[in-house]
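The values are calculated or read from the model by the stated rules, or taken from the named source; none is laboratory data. Bear in mind the structure is a predicted one, so any value in this text is a computation, not a measurement. Every residue, glycine as well, gets a Cβ built from its backbone with ideal geometry; the counts of neighbours run over all protein chains shown.
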Amino acid sequence: MTQTLLHIDSSVLGDVSTSRKLTAAIVDALQQDHPQTQVASRDLADAPPAHLTGRVMMAMRSGDLTGLSEEERAQVALSEELLEEFLAADTVVIGAPMYNFSLPTQLKAWIDRLSQAGRTFKYTETGPVGLAGGKRVVIASSRGGMYAGTPMEAMVDHQEAYLLGVLGFWGITEVEIVRAEGTSMGPQAVEQAMVSAQEQIDRLRIQLLAA
């Protein structure tokens with residue numbers, strides 16, 4: 001059975017981006033064991049989704065395009081394209097660098113396009129229910145400092161914690177994090193971070209083969 005994989009990058013740093021190196025390595029590892037996997041790539045830094053306006057958001061909710069400009073109609077169409085692309089994927093690899101303790105705004109804008117009631121979640125009398133389960137997500141997390149397992153993690157991590165919260169809200173429970181930390185702490189720290197990340201990728205590959 002052919003699998004579909006959606007490869008998302010969001011770093012603005014191009015070839016020097018740690019998260020881009022991680023997503024490339026993850027996608028390569030996943031393809032090694034499933035060479036027939038169909039990969040769709042989207043670079044949110046190269047072609048960033050615009051931040052939502054009220055008129056576009058209301059049109060996304062209602063489906064009513066009456067009175068919208070051509071640009072606004074194009075924005076609604078882009079939201080649908082991004083959402084369908086995401087829902088169609090069996091596996092999603094998300095490059096998520098930490099910028100100022102949070103996500104790149106390009107990645108947040110992508111999330112805002114996907115988070116649609118009736119599509120990725122719904123509200124019920126007993127609370128919200130996720131509608132986008134049944135897929136695997138791998139987060140390629142890069143951070144200039146060291147946060148995991150430290151007091152700083154609870155104080156300032158609005159990156160991994162936010163993504164896990166959103167994905168869980170959408171009903172996605174199969175989430176793995178490949179993390180490279182300390183990438184702004186000197187060459188030795190960078191080398192250690194990349195070695196650690198590759199070990200995580202190797203373990204992930206073994207885990208998926210055993211599943």
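The figures follow:
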{"read-out": "Some residue of the range 38-50 being under 24 Å from residue 205 (Cα atoms), among the small types (Gly, Ala, Ser), modelled with pLDDT of 95 or more and in contact with a Gly (Cβ under 7 Å, 6 or more places away or on another chain)", "value": "no"}
{"read-out": "The range 169-211, residues that are among the basic types (Lys, Arg) and touching a residue at least 12 places away in the same chain (Cβ under 8 Å)", "value": "179, 205"}
{"read-out": "Hits in the range 1-12 (condition: surrounded by fewer than 21 Cβ atoms within 10 Å (Cβ to Cβ), in contact (Cβ under 8 Å) with a residue 40 or more places away in the chain and among the hydrophobic types (A, V, I, L, M, F, W, C))", "value": "12"}
{"read-out": "Residue 199 vs. criteria under 18 Å from residue 30 (Cβ atoms) and either acidic (Asp, Glu) or surrounded by fewer than 17 Cβ atoms within 10 Å (Cβ to Cβ) (or both)", "value": "yes"}
{"read-out": "Matching option when the condition is closer than 26 Å to residue 57 by Cβ, at pLDDT 95 or above and not basic (Lys, Arg), among 128, 97", "value": "128"}
{"read-out": "Out of 22, 68, sole residue that is touching a residue at least 12 places away in the same chain (Cβ under 8 Å), touching a helix residue (DSSP H, G or I) at 6+ places or on another chain (Cβ under 8 Å) and either of a type in the set (Phe, Trp, Tyr) or not in a loop (DSSP other than H, G, I, E, B) (or both)", "value": "22"}
{"read-out": "Yes/no for residue 93 being touching a His at 6+ places or on another chain (Cβ under 8 Å) and crowded, with 16+ Cβ neighbours inside 10 Å", "value": "yes"}
{"read-out": "Which listed residue is in contact with a Ser or Thr (Cβ under 8 Å, 6 or more places away or on another chain), loosely packed, with under 15 Cβ neighbours inside 10 Å and either within 26 Å of residue 78 (Cα to Cα) or not hydrophobic (A, V, I, L, M, F, W, C) (or both), from 133, 149, 165, 144", "value": "133"}
{"read-out": "Where a residue in the range 30-54 is touching a residue at least 40 places away in the same chain (Cβ under 8 Å) and over 18 Å from residue 88 (Cβ atoms) and its partner, wherever it lies, is surrounded by 12 or more Cβ atoms within 10 Å (Cβ to Cβ) and of a type in the set (Ser, Thr, Tyr), with Cβ under 7 Å and at least six apart", "value": "45/10; 45/11"}
{"read-out": "Options 154, 161: the member that is more than 22 Å from residue 21 (Cα to Cα) and either touching a residue at least 12 places away in the same chain (Cβ under 8 Å) or of a type in the set (A, V, I, L, M) (or both)", "value": "154"}
{"read-out": "Unmet requirement for residue 75, which otherwise passes all of (1) in a loop (DSSP other than H, G, I, E, B); (2) surrounded by 18 or more Cβ atoms within 10 Å (Cβ to Cβ)", "value": "(1)"}
{"read-out": "Residue 108 being within 30 Å of residue 206 (Cβ to Cβ) and out of contact with any strand residue (DSSP E or B) (no Cβ under 6 Å at 6 or more places or on another chain)", "value": "no"}
{"read-out": "Flag if residue 29 is exposed (fewer than 12 other Cβ atoms within 10 Å of the Cβ) and more than 15 Å from the chain's Cα centre (by Cα)", "value": "no"}
